[in-house]
Amino acid sequence: MDDDQVFKALADPTRRHLLDRLFERDGRTLTELESELEMSRFGVMKHLRVLEDAGLVVTRREGREKLHFLNPVPIRLIHDRWIDKYTEHRVAALADLKHELEESA
Amino acid sequence: MTTLTAQTTQVYNVFIRATPEQIWDAITRSEFTQQYFYGARIDVRDGRRFSAIGDIEWDEEVLEADPPRKLVHQWMAGYDPDLAAEDASRVTWEIEPQDGGITKLTVVHDQLEGAPKTAESVAGGWMYILSGLKTLLETGKPLAG
(Lines give C-alpha, C1' and ligand atoms only; values in the text may rest on other atoms or scores of the structure.)
Protein backbone atom coordinates (compact mmCIF):
# COMPACT_ATOMS: atom_id res chain seq x y z
CA MET A 1 0.00 0.00 0.00
CA ASP A 2 1.90 3.07 -1.06
CA ASP A 3 1.28 6.77 -0.67
CA ASP A 4 1.11 7.26 -4.45
CA GLN A 5 -2.03 5.15 -4.63
CA VAL A 6 -3.64 7.09 -1.82
CA PHE A 7 -2.84 10.48 -3.37
CA LYS A 8 -4.06 9.29 -6.78
CA ALA A 9 -7.26 7.92 -5.31
CA LEU A 10 -7.91 11.21 -3.52
CA ALA A 11 -7.14 13.28 -6.62
CA ASP A 12 -10.60 12.67 -8.08
CA PRO A 13 -13.74 14.60 -6.97
CA THR A 14 -16.08 11.64 -7.51
CA ARG A 15 -13.94 9.44 -5.30
CA ARG A 16 -13.76 12.10 -2.59
CA HIS A 17 -17.53 12.39 -2.85
CA LEU A 18 -17.85 8.62 -2.34
CA LEU A 19 -15.64 8.86 0.76
CA ASP A 20 -17.82 11.71 2.06
CA ARG A 21 -20.93 9.57 1.58
CA LEU A 22 -19.28 6.75 3.55
CA PHE A 23 -18.13 9.22 6.20
CA GLU A 24 -21.78 10.19 6.74
CA ARG A 25 -22.94 6.61 6.88
CA ASP A 26 -20.61 3.66 6.71
CA GLY A 27 -21.20 0.11 5.57
CA ARG A 28 -23.15 0.80 2.36
CA THR A 29 -23.85 -1.38 -0.64
CA LEU A 30 -22.93 -0.48 -4.20
CA THR A 31 -26.62 0.04 -4.99
CA GLU A 32 -27.00 2.58 -2.18
CA LEU A 33 -23.90 4.49 -3.25
CA GLU A 34 -24.89 4.40 -6.89
CA SER A 35 -28.31 5.90 -6.12
CA GLU A 36 -26.62 9.09 -4.89
CA LEU A 37 -24.41 9.63 -7.91
CA GLU A 38 -25.27 10.52 -11.47
CA MET A 39 -23.12 7.78 -12.82
CA SER A 40 -23.43 4.28 -14.21
CA ARG A 41 -23.08 1.31 -11.89
CA PHE A 42 -19.95 0.37 -13.75
CA GLY A 43 -18.47 3.84 -13.20
CA VAL A 44 -19.14 3.73 -9.47
CA MET A 45 -17.64 0.23 -9.30
CA LYS A 46 -14.50 1.46 -11.02
CA HIS A 47 -14.06 4.31 -8.57
CA LEU A 48 -14.72 2.05 -5.58
CA ARG A 49 -12.08 -0.31 -6.93
CA VAL A 50 -9.45 2.45 -6.97
CA LEU A 51 -10.40 3.43 -3.42
CA GLU A 52 -10.21 -0.20 -2.31
CA ASP A 53 -6.81 -0.71 -3.94
CA ALA A 54 -5.54 2.36 -2.09
CA GLY A 55 -6.87 0.92 1.17
CA LEU A 56 -9.30 3.83 1.65
CA VAL A 57 -12.34 1.59 1.34
CA VAL A 58 -12.65 -1.85 2.92
CA THR A 59 -15.38 -4.28 1.94
CA ARG A 60 -17.00 -6.92 4.10
CA ARG A 61 -19.56 -9.51 3.13
CA GLU A 62 -22.66 -9.64 5.25
CA GLY A 63 -25.00 -12.36 4.05
CA ARG A 64 -25.57 -11.76 0.38
CA GLU A 65 -24.48 -8.13 0.56
CA LYS A 66 -21.10 -6.57 0.07
CA LEU A 67 -20.75 -3.56 2.34
CA HIS A 68 -18.28 -0.72 1.82
CA PHE A 69 -16.54 0.90 4.78
CA LEU A 70 -14.41 4.02 4.89
CA ASN A 71 -10.92 3.18 6.14
CA PRO A 72 -9.23 6.43 7.15
CA VAL A 73 -6.00 4.78 8.31
CA PRO A 74 -3.98 5.54 5.10
CA ILE A 75 -4.86 9.24 5.45
CA ARG A 76 -3.76 9.12 9.06
CA LEU A 77 -0.47 7.50 7.99
CA ILE A 78 0.13 10.33 5.53
CA HIS A 79 -0.68 12.80 8.27
CA ASP A 80 1.71 11.14 10.70
CA ARG A 81 4.40 10.81 8.11
CA TRP A 82 4.20 14.28 6.55
CA ILE A 83 2.39 16.70 8.82
CA ASP A 84 4.18 15.56 11.94
CA LYS A 85 7.45 15.73 10.08
CA TYR A 86 6.87 19.39 9.21
CA THR A 87 5.65 20.22 12.68
CA GLU A 88 8.75 18.62 14.08
CA HIS A 89 10.93 20.87 11.90
CA ARG A 90 9.06 23.92 13.08
CA VAL A 91 9.58 22.91 16.67
CA ALA A 92 13.23 22.16 15.97
CA ALA A 93 13.65 25.58 14.29
CA LEU A 94 12.21 27.33 17.32
CA ALA A 95 14.45 25.32 19.61
CA ASP A 96 17.47 26.32 17.52
CA LEU A 97 16.40 29.96 17.59
CA LYS A 98 16.05 29.88 21.36
CA HIS A 99 19.46 28.28 21.63
CA GLU A 100 21.08 30.91 19.39
CA LEU A 101 19.41 33.84 21.15
CA GLU A 102 20.46 32.52 24.51
CA GLU A 103 24.01 31.92 23.31
CA SER A 104 24.39 35.44 22.00
CA ALA A 105 22.74 37.06 25.04
CA MET B 1 -17.99 19.04 7.05
CA THR B 2 -20.87 16.98 8.34
CA THR B 3 -20.45 15.52 11.77
CA LEU B 4 -19.74 11.87 12.03
CA THR B 5 -22.83 10.01 13.09
CA ALA B 6 -21.90 7.12 15.32
CA GLN B 7 -21.39 4.01 13.20
CA THR B 8 -22.51 0.76 14.76
CA THR B 9 -19.93 -1.16 12.74
CA GLN B 10 -16.51 0.31 12.05
CA VAL B 11 -13.83 -1.37 9.94
CA TYR B 12 -10.18 -0.32 9.78
CA ASN B 13 -7.21 -1.92 8.15
CA VAL B 14 -3.54 -1.39 7.76
CA PHE B 15 -0.67 -3.23 6.07
CA ILE B 16 2.34 -3.71 8.30
CA ARG B 17 5.80 -4.96 7.44
CA ALA B 18 5.90 -7.51 10.25
CA THR B 19 5.01 -11.14 10.90
CA PRO B 20 1.60 -12.22 12.25
CA GLU B 21 3.38 -13.33 15.45
CA GLN B 22 4.88 -9.86 15.96
CA ILE B 23 1.47 -8.28 15.51
CA TRP B 24 -0.12 -10.77 17.88
CA ASP B 25 2.45 -9.95 20.56
CA ALA B 26 2.02 -6.23 19.95
CA ILE B 27 -1.73 -6.38 20.62
CA THR B 28 -1.66 -8.81 23.55
CA ARG B 29 1.34 -7.67 25.62
CA SER B 30 1.57 -4.50 27.67
CA GLU B 31 5.26 -3.90 26.96
CA PHE B 32 4.12 -3.13 23.40
CA THR B 33 0.66 -1.65 23.91
CA GLN B 34 1.87 1.07 26.22
CA GLN B 35 3.94 2.41 23.34
CA TYR B 36 1.05 3.01 20.93
CA PHE B 37 -2.33 2.44 22.67
CA TYR B 38 -2.69 5.80 24.44
CA GLY B 39 -0.22 4.51 27.01
CA ALA B 40 -2.56 1.66 28.02
CA ARG B 41 -0.98 -1.47 29.45
CA ILE B 42 -2.99 -4.29 27.92
CA ASP B 43 -2.42 -7.98 28.54
CA VAL B 44 -4.46 -10.84 27.13
CA ARG B 45 -4.32 -13.92 29.33
CA ASP B 46 -6.59 -16.55 30.87
CA GLY B 47 -9.53 -15.62 28.66
CA ARG B 48 -9.51 -11.96 29.74
CA ARG B 49 -8.11 -8.76 28.31
CA PHE B 50 -6.70 -6.69 31.17
CA SER B 51 -6.21 -2.96 30.65
CA ALA B 52 -4.64 -0.27 32.79
CA ILE B 53 -4.12 3.43 32.18
CA GLY B 54 -2.46 5.09 35.16
CA ASP B 55 -4.46 3.95 38.20
CA ILE B 56 -7.53 2.96 36.22
CA GLU B 57 -7.86 -0.76 35.62
CA TRP B 58 -10.55 -2.83 33.96
CA ASP B 59 -10.87 -6.04 32.02
CA GLU B 60 -12.97 -7.54 29.27
CA GLU B 61 -13.95 -11.02 28.17
CA VAL B 62 -11.96 -12.64 25.34
CA LEU B 63 -14.55 -14.23 23.05
CA GLU B 64 -12.12 -15.95 20.70
CA ALA B 65 -8.33 -16.28 20.63
CA ASP B 66 -6.61 -18.02 17.74
CA PRO B 67 -2.99 -16.88 17.87
CA PRO B 68 -1.58 -15.39 15.70
CA ARG B 69 -4.59 -15.02 13.40
CA LYS B 70 -7.64 -13.83 15.26
CA LEU B 71 -8.57 -12.18 18.53
CA VAL B 72 -12.13 -11.25 19.47
CA HIS B 73 -12.94 -9.49 22.70
CA GLN B 74 -15.54 -7.35 24.39
CA TRP B 75 -14.95 -3.63 24.48
CA MET B 76 -15.78 -1.62 27.54
CA ALA B 77 -14.44 1.91 27.67
CA GLY B 78 -13.13 1.63 31.22
CA TYR B 79 -11.02 4.76 30.75
CA ASP B 80 -14.09 7.02 30.77
CA PRO B 81 -16.99 6.57 33.25
CA ASP B 82 -19.47 8.13 30.80
CA LEU B 83 -18.59 5.65 28.08
CA ALA B 84 -18.13 2.72 30.46
CA ALA B 85 -21.79 3.07 31.47
CA GLU B 86 -22.81 2.11 27.93
CA ASP B 87 -23.35 -1.47 26.71
CA ALA B 88 -20.28 -3.56 25.92
CA SER B 89 -19.38 -3.70 22.22
CA ARG B 90 -17.07 -6.09 20.37
CA VAL B 91 -13.64 -5.79 18.75
CA THR B 92 -12.25 -8.32 16.25
CA TRP B 93 -8.59 -8.31 15.19
CA GLU B 94 -7.89 -10.28 12.01
CA ILE B 95 -4.25 -10.89 11.11
CA GLU B 96 -3.61 -12.15 7.58
CA PRO B 97 -0.14 -12.70 6.11
CA GLN B 98 0.37 -11.33 2.57
CA ASP B 99 3.21 -11.75 0.08
CA GLY B 100 6.56 -10.10 0.70
CA GLY B 101 6.69 -10.06 4.49
CA ILE B 102 3.63 -7.85 4.79
CA THR B 103 0.74 -8.61 7.11
CA LYS B 104 -2.74 -7.20 6.80
CA LEU B 105 -4.35 -6.23 10.06
CA THR B 106 -8.09 -5.57 10.12
CA VAL B 107 -9.94 -4.23 13.13
CA VAL B 108 -13.72 -4.52 13.20
CA HIS B 109 -15.41 -2.70 16.05
CA ASP B 110 -19.08 -3.67 16.02
CA GLN B 111 -22.12 -4.32 18.18
CA LEU B 112 -22.00 -0.63 19.01
CA GLU B 113 -25.79 -0.22 18.93
CA GLY B 114 -25.95 0.23 22.70
CA ALA B 115 -22.89 2.43 22.88
CA PRO B 116 -23.35 5.55 20.71
CA LYS B 117 -20.93 7.74 22.67
CA THR B 118 -18.29 5.03 22.58
CA ALA B 119 -18.83 4.64 18.83
CA GLU B 120 -18.16 8.32 18.29
CA SER B 121 -15.21 8.42 20.64
CA VAL B 122 -13.31 5.44 19.20
CA ALA B 123 -13.66 6.44 15.54
CA GLY B 124 -10.63 8.74 15.58
CA GLY B 125 -8.83 6.59 18.12
CA TRP B 126 -8.49 3.48 16.00
CA MET B 127 -6.75 5.45 13.25
CA TYR B 128 -4.23 6.79 15.73
CA ILE B 129 -3.69 3.38 17.33
CA LEU B 130 -3.19 1.52 14.04
CA SER B 131 -0.87 4.18 12.70
CA GLY B 132 1.12 4.02 15.93
CA LEU B 133 1.23 0.23 15.86
CA LYS B 134 2.54 0.23 12.29
CA THR B 135 5.22 2.78 13.15
CA LEU B 136 6.27 0.85 16.26
CA LEU B 137 6.59 -2.48 14.45
CA GLU B 138 8.31 -1.07 11.38
CA THR B 139 10.73 1.31 13.07
CA GLY B 140 10.98 -0.07 16.59
CA LYS B 141 10.00 3.36 17.90
CA PRO B 142 6.66 4.83 18.94
CA LEU B 143 5.13 7.77 17.03
CA ALA B 144 6.53 11.12 18.07
CA GLY B 145 4.34 13.32 20.27
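The values are calculated or read from the model by the stated rules, or taken from the named source; none is laboratory data. Values in this document were obtained by computation on a predicted structure and should not be read as measured data. As a convention, Cβ positions derive from the backbone with ideal geometry for all residues, glycine included, and neighbour counts pool all protein chains shown.
Just a few scattered comments:
- Checked against the criterion of being aromatic (Phe, Trp, Tyr) and away from every other protein chain (no Cβ under 11 Å), the candidates B:TYR79, B:TYR128 yield just one match: B:TYR79.
- Only one of A:LEU56, A:LEU77 that is closer than 18 Å to B:VAL11 by Cα and not assigned by TED's automatic domain parsing to the domain that holds A:ASP26: A:LEU77
- Taking the range B:35-62 as the range and being touching a residue at least 40 places away in the same chain (Cβ under 8 Å) and touching a Phe, Trp or Tyr at 6+ places or on another chain (Cβ under 9 Å) as the test, the residues that pass are B:TYR36, B:TYR38.
- Meets criteria (touching a helix residue (DSSP H, G or I) at 6+ places or on another chain (Cβ under 7 Å) and acidic (Asp, Glu)) for B:ASP87: no
Quick grid of which residues meet (1) closer than 23 Å to A:THR59 by Cα; (2) buried (at least 17 other Cβ atoms within 10 Å of the Cβ); (3) of a type outside the set (Val, Ile, Thr):
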site	(1), (2), (3)
B:THR28	no, yes, no
B:GLN35	no, yes, yes
B:GLY39	no, no, yes
B:ILE42	no, yes, no
B:ASP80	no, no, yes
B:THR103	yes, yes, no
B:LEU112	yes, yes, yes
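- Qualifying residue in the range B:122-142 (condition: in a loop (DSSP other than H, G, I, E, B), among the basic types (Lys, Arg) and more than 18 Å from B:ASN13 (Cα to Cα)): yes
- Residue within the range B:113-121 that is among the aliphatic types (A, V, I, L, M) and either outside any strand (DSSP E or B) or away from chain A (no Cβ under 11 Å) (or both) present: yes
- Elements of type helices (runs of 4 or more DSSP H) in the range A:1-99, at least 3 residues being surrounded by 14 or more Cβ atoms within 10 Å (Cβ to Cβ) and touching a Ser or Thr at 6+ places or on another chain (Cβ under 7 Å): A:73-78
- Filtered by the rule that a residue be among the acidic types (Asp, Glu) and either assigned to a strand (DSSP E or B) or at pLDDT 95 or above (or both), the range B:83-112 gives B:GLU86, B:ASP87, B:GLU94, B:GLU96, B:ASP110.
- Matching residues in the range A:54-73 - criterion: being more than 11 Å from chain B (Cβ to nearest Cβ) and without any contact (Cβ under 8 Å) to a residue 24 or more places away in the chain: A:ARG61, A:GLY63, A:ARG64
- From the list A:ASP26, A:ASP12, A:ASP20, A:ASP3, the lone residue that is under 18 Å from A:LEU77 (Cα atoms) and in the same structural domain as A:LEU67 (by TED's automatic domain parsing) is A:ASP3.
- Boolean, B:GLN35 is closer than 18 Å to B:MET127 by Cβ and over 16 Å from the mean Cα position of the chain (by Cα): no
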